[in-house]
1. Ranked by Cβ crowding within 10 angstrom, fewest neighbours first, how are 47, 17 ordered?
2. How are the Cα pair distances of the stretch 3-78 distributed, in percent, across 10 Å bins from 0?
3. Please give the FRET efficiency for residue 106 paired with residue 13, using the beta carbon to beta carbon distance and R0 = 35 Å, rounded to the nearest 0.05.
4. How long is the gain from residue 62 to residue 42 if the chain were fully straight, where each residue apart is worth 0.36 nm and the alpha carbon distance is subtracted?
5. Is any residue of the stretch 109-125 close enough, with backbone N under 18 Å, to a label point placed 7 angstrom from the Cα of residue 145 along the Cα-Cβ axis, and if so, which?
6. Using alpha-carbon pairs under 8 Å, 6+ residues apart, how would you state the relative contact order of the stretch 80-155 in percent?
7. Two decimals is fine: what is log10 I(q)/I(0) at q = 0.16, 0.19, 0.20, 0.25 Å⁻¹ for the stretch 80-155, from a Debye sum with one equal scatterer on every Cα and no solvent?
8. How big is the equivalent ellipsoid of the chain along its three axes, where each semi-axis is √(5λ) from the Cα gyration tensor, reported in whole Å from largest to smallest?
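Computed from the coordinates by the stated procedures, all read-outs in this text should not be read as laboratory data. Since we're looking at a predicted model, the values are computed, not measured. Note: ideal-geometry Cβ built from the backbone for every residue, glycine included; neighbour counts use all protein chains shown.
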Amino acid sequence: MSVLALVPVAGLLVCVVLHVLAARLAPAKIADLVIGVAGGGLLVVQVAWAAGQGPSLPVWLATYFLLAYCYVVGFFNLSESARRIRLLIELSQAPGHAMTLDEILTAYNARMVVEARLRRLVGAGFLVERGGRYWIGNRAGLWIARGLAALAPLLAPQRRR
């Protein structure tokens, strides 16, 4: 096996490192993720060009972007699991390791979840808040959401009942 076959993996490593560095410099911005993914992709293109591997570039890029997708959705996006994790921690720290539904809803309610998400969207520039009303700010977030919504049936088909 040629070492060059590992170029997409190297691209993923660059993606992760750039994402972490950019997140430290500009927290709560989607730009850190874009910087990471773009930087890793740029490495793949540069290595293919420098190594004279132009014909391999489409396969390398496809492999890289699949790896980057797995990182973004499968690893970085673990925040979707954060609610379940937080609920388990809340229960483990409660007296007797148990809570009633009312206690759980008081400790962790939907309003708190929505407010946290709105703060992140405003912080990232995807929403703008004026006078208690929210508008779409940077349309990139909307494009990303629409793209993911379009891919969702392909990536996670709904089970039939």
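1. 17, 47
2. Using 10 Å bins, I get a P(r) of 22, 49, 23, 6 for the stretch 3-78.
3. 0.20
4. 5.9 nm
5. Correct set: 111-125.
6. Values: 30 pairs, mean separation 9.9, N = 76.
With pairs under 8 Å counted, the relative contact order is 13 percent.
7. Each listed q maps to, in turn, -0.79, -0.90, -0.93, -1.09.
8. Taking √(5λ) for each Cα gyration eigenvalue gives 37, 21, 16 Å.
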